[in-house]
1. Scan segment 106-145 residue by residue and report those that are within 28 Å of ASN172 (Cβ to Cβ) and not in a strand (DSSP E or B).
2. Being more than 23 Å from ASP151 (Cβ to Cβ), at pLDDT 90 or above, of a type outside the set (Asp, Glu) and surrounded by 15 or more Cβ atoms within 10 Å (Cβ to Cβ) narrows it down to one residue among ARG44, ARG40; which is it?
3. Could you list all residues from segment 57-90 that are among the small types (Gly, Ala, Ser) and either modelled with pLDDT of 75 or more or surrounded by 14 or more Cβ atoms within 10 Å (Cβ to Cβ) (or both)?
4. Report the residue count in segment 137-157 for those that are more than 30 Å from LEU127 (Cβ to Cβ) and open to solvent by 20 Å² or more (accessible area, probe 1.4 Å).
5. With the checklist (1) in contact (Cβ under 8 Å) with a residue 40 or more places away in the chain; (2) exposed (fewer than 14 other Cβ atoms within 10 Å of the Cβ) in hand, flag the one item VAL54 doesn't pass.
6. Cβ contacts < 9 Å: first residue modelled with pLDDT under 95, restricted to segment 106-128; second residue of a type in the set (Asp, Glu) and open to solvent by less than 50 Å² (accessible area, probe 1.4 Å), any location; separation 6+ or different chain. Result?
Amino acid sequence: MVYGSFGEGSTIGSEFADNTTSADANLSYGVQVQYQLNNRLAVRSGVNRVNLSVNTNDIEFAVAPSASNIGSKFVNGGVAYSVGDKGTLVNRFAQAAPTEGLDLPTIDTFEGLLNQSFEYWEVPLELSYAVVNNRFKVNVFGGFSPLFLQDNNITAVSGQREANLGSVDHLNDLSFTTNIG
């Protein structure tokens, strides 16, 4: 299964709308059962585990002062991280400085990507119809699947450091898809 979006840019937030994205190798596996109602019609169901992972490229991240107002802040385990487009964090920290003329502390920023990984449990319910039912079979099927969110994680990754930023809040715990084939 390959995950992507019909639009441009990242699914993480509007700040990253112009960033390129890439998908990691995604995996779906499970079990499926089919009950044959007659020689042409069958009902199919099962349980699948669907792992998805999407990267948002050209970002930078840093540990953020907890009282600063520099946007795109993620908090995980009491540590706050600021994330932005590559080359934007130093300016954000400078603009958030309380007083002009003071030397800003050195800010260690890391360039890399944001990896958004999530996992769903899918329970498809489909009808299958045999259009051709000879030696060779041709079936069409259709149905729907509820998807139950199991895992939701976002990680900032660079060559020097990896930081678990927690989860994103724009994923529904329950989603539905339609299936045809």
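1. Selection gives VAL123, PRO124.
2. ARG44
3. If the condition is that a residue be among the small types (Gly, Ala, Ser) and either modelled with pLDDT of 75 or more or surrounded by 14 or more Cβ atoms within 10 Å (Cβ to Cβ) (or both), then ALA62, ALA64, SER68, GLY71, SER72, ALA80, SER82, GLY84, GLY87 are the ones that fit.
4. Going through segment 137-157 one residue at a time, the tally reaches 4.
5. Tallying (1) in contact (Cβ under 8 Å) with a residue 40 or more places away in the chain; (2) exposed (fewer than 14 other Cβ atoms within 10 Å of the Cβ), VAL54 fails exactly one: (2).
6. The qualifying pairs are THR109/GLU60; PHE110/GLU60; GLU111/GLU60; GLY112/GLU60.
The values are calculated or read from the model by the stated rules, or taken from the named source; none is laboratory data. Since the model is a prediction, treat every value here as computed from it, not as a measurement. With ideal geometry, Cβ positions are generated from the backbone for all residues, glycine too; neighbour counts draw on all protein chains shown. For the accessible areas, the whole protein counts, side chains as well, though only heavy atoms, and no ligand, DNA or RNA atoms are used. Shrake-Rupley method; radii C 1.70, N 1.55, O 1.52, S 1.80 Å.
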